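Quick notes on the structure that follows.
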Amino acid sequence: MFKTAVTDTYGTRLPVIAGGLMWLADADYVVACARVGIVSFITAATFPDPDDLRSQIRKARDLCDGLPFGVNVSMLPKLLPGEKTADVFRLIADEGVKFVETSGRNPEEYMPVLKGACIHVMHKVPAVRYAVKAQSVGVDMVAIVGVECGGHPGMDMIGTIVNAAMAERDLTIPFVIGGGIGTGSQLVAALAMGASGVIMGTRLLVAEEVATHEKFKKRLVEATERDTELTMSSVRNTTRTLRNETTDAVLKLEREKHDVTIADMMHLVSGKIGREAYRTGDWSKGLLSAGHALAFTDAIEPMSAIIDRIADEAEAALQRLASVTVR
């Protein structure tokens, strides 16, 4: 149906990228994505022990049987101490991984290692101005996520559709667009605006293959696009997550404590709390990344059903375009 820089680079059926999901993007997840014709990334920060990460990469390689997958490396110090980042990239190169998704800060210092290993680098950013910088240091592709995204939308608060138009104007390398993306019509719209594909996270959280408790997935099915909250802007680490007791508590702390710090919040926002929520299904606690694509998480179903539906929606969108085009 489509031929873009995404499908050409990764060899996928659709120009859809499933972004790395903290605590959830393991070997089984990337295999599920690969088998339905999209590409995803194991999150290195989920496996801080090098032997565990290596094991996940090898498991994914064996089960993918030639289908594409990559590794996400978040260079945020709170997830992966800077002195270990180079070691992670070397491990990835040693294992013959072909694709990397980077995020968190400028990857320039690691580009020699990655390029020396012939690794394709997609760098994820929350605004076009950072994408322009990433382009200048030699990344192969950028993923730009708008304020609608779950996780970290940055501080600029620029919407997805505006990011897409700016990226088409300002970039020469391929780019993909994310933030609130969950339908095939949005995929077609992104392509029409110059993107080579889209990146999704929230939409795929209700896939049966995602390793979270069913109670958590049921909450996502019940939720709407209005059930997210932005927190942690006071410490310049804005995060969009599912609204719950933790988001209420963090917002209260931000309102009431002068010069609040990340240390003041850690008892509420520690990633370990979120990881436990995924395990138990108690979604009332923890910062659980979720974006406006909650509008589309309407059923718990196999990954194949989700992606097939997106493909069908894209085909319908293309037909609508044909019906309103005068030649």
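A short reminder: the numbers here are calculations on the coordinates, not readings from a lab. Quick caveat: nothing in here was measured; it's all calculated off a predicted structure. Note that we place each Cβ from the backbone using ideal geometry, even for glycine, and neighbour counts take in every protein chain shown.
Here are some notes:
- Gaussian network model of the chain, springs between alpha carbon atoms under 10 Å - residue of LEU53, LEU205, LEU251 with greatest fluctuation: LEU251
- For the range 93-99, putting each phi into the Karplus relation 6.51 cos²θ - 1.76 cosθ + 1.60 with θ = phi - 60° gives couplings of 5, 4, 7, x, 5, 9, 10 Hz, in residue order, rounded to whole numbers and with x for Gly and Pro.
- Förster radius 45 Å - calculated FRET efficiency between ASP259 and ASP94 (Cβ-Cβ, nearest 0.05): 0.55
- Largest GNM mean-square fluctuation across PRO174, PRO15, PRO48, computed for the chain with C-alpha springs under 10 Å, falls on PRO48.
- Environment charge of LYS133, counting only residues whose C-beta is closer than 14 Å and scoring Lys/Arg +1, Asp/Glu -1: -1
- Judged by the mean number of other Cβ atoms found within 10 Å, the most tightly packed of the peptides 120-133, 300-313 leads the ranking 120-133, 300-313.
- Across the chain, the mean sequence separation of Cα contacts (distance under 8 Å, 6 or more residues apart), normalised by length, yields a relative contact order of 16 percent.
- Listed residues ARG255, ARG13, ARG61, most fluctuating in the chain (Gaussian network, C-alpha, under 10 Å): ARG255
- Estimated FRET transfer efficiency (GLU245, GLU315; beta-carbon r; R0 35 Å; 0.05): 0.25
- Hz values of 3J(HN,Hα) by residue in the range 279-285 - Karplus curve (6.51, -1.76, 1.60), Gly and Pro given as x: 6, 8, x, 7, 7, 6, 10
- Inter-label distance, LYS218 to CYS118: 5.0 nm, where each label sits 7 Å from its Cα along the C-beta direction.
- Pairwise Cα distances in the chain exceed 24 Å for 52 percent of all pairs.
- Taking one quarter of the surface of the C-alpha convex hull of the range 228-289 gives a mean projected area of 3.6 nm².
- For the range 17-81 and the range 267-300, distance of Cα centres in Å: 19
- For the pair the range 173-220 / the range 92-107, the C-alpha centres are spaced 21 Å from each other.
- The range 228-289, relative contact order [Cα under 8 Å, separation at least 6], %: 35
- Neighbourhood net charge (13 Å Cβ-Cβ; Lys/Arg +1, Asp/Glu -1) for ILE119: -1
- With a threshold of 23 Å on the Cα-Cα distance, the over-threshold entries among LYS133/LYS272; LYS215/LYS272; LYS124/LYS285; LYS84/LYS124; LYS59/LYS218 are LYS133/LYS272; LYS124/LYS285; LYS59/LYS218.
- Local net charge near LEU268, Cβ-Cβ under 11 Å (Lys/Arg +1, Asp/Glu -1): -2
- Taking θ as phi - 60° and the Karplus parameters 6.51, -1.76 and 1.60, the scalar couplings of the range 151-166 work out to x, 10, x, x, 9, 6, 6, 9, x, 4, 5, 6, 4, 4, 5, 5 Hz in sequence order, x denoting glycine and proline.
- Within the chain, percent of DSSP bridges classed antiparallel, to nearest 5: 20
- Given charges at Cβ of Lys, Arg, Asp, Glu: the range 228-289 dipole, positive-most of GLY286, VAL250, VAL260: GLY286
- Projected label distance in nm at LYS3 and MET155, using a 7 Å step from Cα toward the beta-carbon: 4.4
- Sorting the segments 161-170, 241-250 by their residues' average number of neighbouring beta-carbon atoms within 10 angstrom, most packed first, yields 241-250, 161-170.
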